[in-house]
């Protein structure tokens with residue numbers, strides 16, 4: 001029993017380290033791709049081709065002076081980035097590994113629980129620093145995240161009806177002959193753009209609108225606090241990319257192809273940032289409630305009917 005527990009803890013530790021290294025190189029990939037999109041080199045000084053840049057950035061951020069705000073609600077202000085980072089790592093436990101790690105029978109429900117708690121972290125980070133800009137950024141982020149969680153849940157509902165299971169491992173079994181991206185074509189595209197909105201990424205990055213909110217909900221954070229918010233954001237991008245691969249691109253498999261698919265979806269997140277301008281806020285809400293909600297509800301009814309008909 002002790003060795004089993006030790007195996008699980010050791011496996012989780014290795015996974016967390018892997019995620020952090022993945023996040024470090026995702027930031028490097030983003031800066032390189034944005035550089036080439038804007039016809040420049042991107043980071044190229046640290047190490048060979050700038051490969052050590054993420055580590056020097058991390059050292060710089062964590063060694064900077066921490067700002068102590070006089071009028072902030074200090075405990076909430078100080079601990080919300082820590083909880084946000086912790087939460088973004090906890091979600092990774094639901095990866096359906098074949099060995100060693102926990103396998104959730106209710107993995108998708110756990111995913112939704114963690115995504116819902118993330119809203120409170122954003123709200124606390126925006127409110128506790130007692131700045132008007134960060135408060136506005138936090139409120140925007142909360143409205144956006146809650147709205148797109150609804151559409152995300154309904155879009156995921158169609159996949160769940162097809163497999164009739166909450167276990168992410170089942171997705172692999174059901175996609176051996178045909179990937180769900182072909183069966184759920186419009187929904188998978190809705191899912192991808194909802195993921196962009198859920199992770200506050202361009203073109204839906206209203207929580208961090210530099211043109212009108214200086215830097216959004218994280219404006220008063222510096223040093224380690226800012227670094228943890230940054231790490232949590234990129235960890236959730238990787239997580240969302242993995243969920244997309246699990247749901248629509250063949251499920252989990254222990255081969256190179258799985259990681260290439262994950263890298264491709266992460267690359268699309270960055271490509272969208274380099275290509276599209278920021279959306280208008282009312283259009284974002286219109287898109288969620290007037291477009292994605294009716295589409296996902298109608299598709300849900302359609303797949304329920306198909307499931308009953310073929311059973």
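Restricting attention to segment 270-311 and to residues that are part of a loop (DSSP other than H, G, I, E, B) and free of Cβ contacts under 8 Å to residues at least 12 places away in the same chain, the residue that is surrounded by the fewest Cβ atoms within 10 Å (Cβ to Cβ) turns out to be 311.
Within segment 249-269, the set of residues being surrounded by 14 or more Cβ atoms within 10 Å (Cβ to Cβ), in contact (Cβ under 8 Å) with a residue 40 or more places away in the chain and closer than 12 Å to residue 172 by Cβ comprises 249, 250, 251, 252, 253.
This table checks each residue for (1) on the phi < 0 side of the Ramachandran plot; (2) modelled with pLDDT under 90; (3) touching a helix residue (DSSP H, G or I) at 6+ places or on another chain (Cβ under 8 Å).
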| site | (1), (2), (3) |
| --- | --- |
| 237 | yes, no, yes |
| 243 | yes, no, yes |
| 248 | yes, no, yes |
| 251 | no, yes, yes |
| 254 | yes, yes, no |
| 260 | yes, no, no |
| 276 | yes, yes, no |
| 281 | yes, yes, yes |
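For segment 1-116, the helices (runs of 4 or more DSSP H) that sit wholly inside it and include 2 or more residues that are free of Cβ contacts under 8 Å to residues at least 24 places away in the same chain, in contact with a helix residue (DSSP H, G or I) (Cβ under 9 Å, 6 or more places away or on another chain) and closer than 21 Å to residue 270 by Cβ are 2-37. Just one of the listed residues (139, 94, 183) is surrounded by fewer than 18 Cβ atoms within 10 Å (Cβ to Cβ) and within 28 Å of residue 79 (Cα to Cα), namely 139.
Does residue 139 satisfy being more than 21 Å from residue 196 (Cβ to Cβ) and either assigned to a helix (DSSP H, G or I) or touching a residue at least 40 places away in the same chain (Cβ under 8 Å) (or both)?
So residue 139 fails the test.
Can you tell me which residue among 204, 166 is within 16 Å of residue 240 (Cα to Cα), touching a residue at least 60 places away in the same chain (Cβ under 8 Å) and outside any helix (DSSP H, G or I)? Only one candidate qualifies: 204.
The values are calculated or read from the model by the stated rules, or taken from the named source; none is laboratory data. Since we're looking at a predicted model, the values are computed, not measured. Quick reminder, even Gly has a Cβ in these numbers, built from the backbone with ideal geometry, and neighbours come from all protein chains shown.
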